[in-house]
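Colleague: First, the structure itself, so that you have it in front of you.
The values are calculated or read from the model by the stated rules, or taken from the named source; none is laboratory data. Computed from a predicted model, the values in this text were never measured in an experiment. Glycine also receives a Cβ, built like all others from the backbone with ideal geometry; neighbour counts cover every protein chain displayed. For accessibility, only protein heavy atoms count, side chains too; no ligands or nucleic acids. Shrake-Rupley method; radii C 1.70, N 1.55, O 1.52, S 1.80 Å.
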Amino acid sequence: MVQFFLSSHGHLASGLKSSVGVLLGGCDRLTVFDAYVDERSLEDALNAFYQKVGRDDQVILLSDMYGGSVNSIMYTFLNRPNTTLIAGVNLALVIGLVIQDRELTREEIEDVVRQSREAIQIVELDNAEQSEGDKDLF
């Protein structure tokens, strides 16, 4: 089984979990930790998470920002068996991963990462396609 641990600076992690709940009805394999909002330690939360992980479970750690302190702490857990760390999460990435009900290959993880990057777009109004009636929608 795949287990996910998502952490962020502030409440981004719990916000993403809330959105997953709205869109997918939740995911009991997704554990979140909002760092630096109280006295709790990310390292302690990760240690507690790994105590509950099955021996053969695949673990995907998700952090908000590459090079940030949350990611740096999570990096120290890469020596754990079957663990992958992905930095720079967005909602498309989290959903793309948690909808899988089986272990993921490296290629499948890379594909979800690529798709989540493509979900980041600058959205512009195409004046040639906008009709007069569409103007009232916005």
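Colleague: Would you mind stating whether Asp44 is acidic (Asp, Glu) and either over 12 Å from the mean Cα position of the chain (by Cα) or open to solvent by 50 Å² or more (accessible area, probe 1.4 Å) (or both)?
Modeller: Values: acidic (Asp, Glu): yes; either over 12 Å from the mean Cα position of the chain (by Cα) or open to solvent by 50 Å² or more (accessible area, probe 1.4 Å) (or both): yes.
Judged against the criteria, Asp44 is a match.
Colleague: Kindly indicate whether Glu110 is exposed (fewer than 10 other Cβ atoms within 10 Å of the Cβ) and either farther than 13 Å from Phe4 by Cα or without any contact (Cβ under 8 Å) to a residue 60 or more places away in the chain (or both). Break it down stepwise before answering.
Modeller: On the way: exposed (fewer than 10 other Cβ atoms within 10 Å of the Cβ): no; either farther than 13 Å from Phe4 by Cα or without any contact (Cβ under 8 Å) to a residue 60 or more places away in the chain (or both): yes.
Taking the combined requirement at face value, the residue does not satisfy it.
Colleague: Something else: More than 21 Å from Phe5 (Cβ to Cβ) and open to solvent by 40 Å² or more (accessible area, probe 1.4 Å), is that true of Glu124? Before the answer, list the steps.
Modeller: Numbers: more than 21 Å from Phe5 (Cβ to Cβ): yes; open to solvent by 40 Å² or more (accessible area, probe 1.4 Å): yes.
Yes; evaluated as a whole, the condition is true for this residue.
Colleague: I would also like to ask the following. Within region 18-39, can you find the residues that are touching a Leu at 6+ places or on another chain (Cβ under 6 Å) and either open to solvent by 50 Å² or more (accessible area, probe 1.4 Å) or of a type in the set (Gly, Ala, Ser) (or both)?
Modeller: The answer is Ser19, Ala35.
Colleague: Please state which of the following conditions Tyr66 fails to meet, knowing it meets all the rest: (1) in contact with a Gly (Cβ under 6 Å, 6 or more places away or on another chain); (2) crowded, with 16+ Cβ neighbours inside 10 Å.
Modeller: Among (1) in contact with a Gly (Cβ under 6 Å, 6 or more places away or on another chain); (2) crowded, with 16+ Cβ neighbours inside 10 Å, the lone unmet condition for Tyr66 is (2).
Colleague: Collect the residues in region 3-45 that are touching a His at 6+ places or on another chain (Cβ under 8 Å) and of a type in the set (Phe, Trp, Tyr), keeping them in residue-number order.
Modeller: Within region 3-45, the subset touching a His at 6+ places or on another chain (Cβ under 8 Å) is 34-37.
Across region 3-45, the qualifying residue is only Tyr36.
Colleague: Can you tell me which residue is most open to solvent (accessible area, probe 1.4 Å) among those in region 75-103 that are over 13 Å from Leu61 (Cα atoms) and not in a helix (DSSP H, G or I)?
Modeller: Taking region 75-103 as the starting set, the residues that turn out to be over 13 Å from Leu61 (Cα atoms) are 90-92, 95-96, 99-103.
Cutting the leftovers down to not in a helix (DSSP H, G or I) gives us 90, 99-103.
Values: Asn90: 35, Ile99: 97, Gln100: 48, Asp101: 140, Arg102: 108, Glu103: 89 Å².
Top of the filtered list is Asp101.
Every residue, every condition in (1) touching a helix residue (DSSP H, G or I) at 6+ places or on another chain (Cβ under 9 Å); (2) of a type outside the set (S, T, N, Q), yes or no:
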{"position": "Glu43", "(1), (2)": "yes, yes"}
{"position": "Phe49", "(1), (2)": "no, yes"}
{"position": "Val59", "(1), (2)": "yes, yes"}
{"position": "Ser69", "(1), (2)": "yes, no"}
{"position": "Val89", "(1), (2)": "yes, yes"}
{"position": "Gln100", "(1), (2)": "yes, no"}
{"position": "Arg114", "(1), (2)": "no, yes"}
{"position": "Arg117", "(1), (2)": "yes, yes"}
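Colleague: Hey, another quick one. How many residues, within region 47-58, are part of a helix (DSSP H, G or I) and surrounded by fewer than 18 Cβ atoms within 10 Å (Cβ to Cβ)?
Modeller: Counting residues in region 47-58 that are part of a helix (DSSP H, G or I) and surrounded by fewer than 18 Cβ atoms within 10 Å (Cβ to Cβ) gives 5.
Colleague: Here's a follow-up. Within region 3-26, is there a residue that is outside any helix (DSSP H, G or I) and farther than 25 Å from Ala119 by Cα? Spell out how you get there, then give the answer.
Modeller: Step one: list which residues in region 3-26 are outside any helix (DSSP H, G or I), which gives 3-11, 25-26.
Still in the list and also farther than 25 Å from Ala119 by Cα: none.
Checked against the condition, which is being outside any helix (DSSP H, G or I) and farther than 25 Å from Ala119 by Cα, region 3-26 yields no hits at all.
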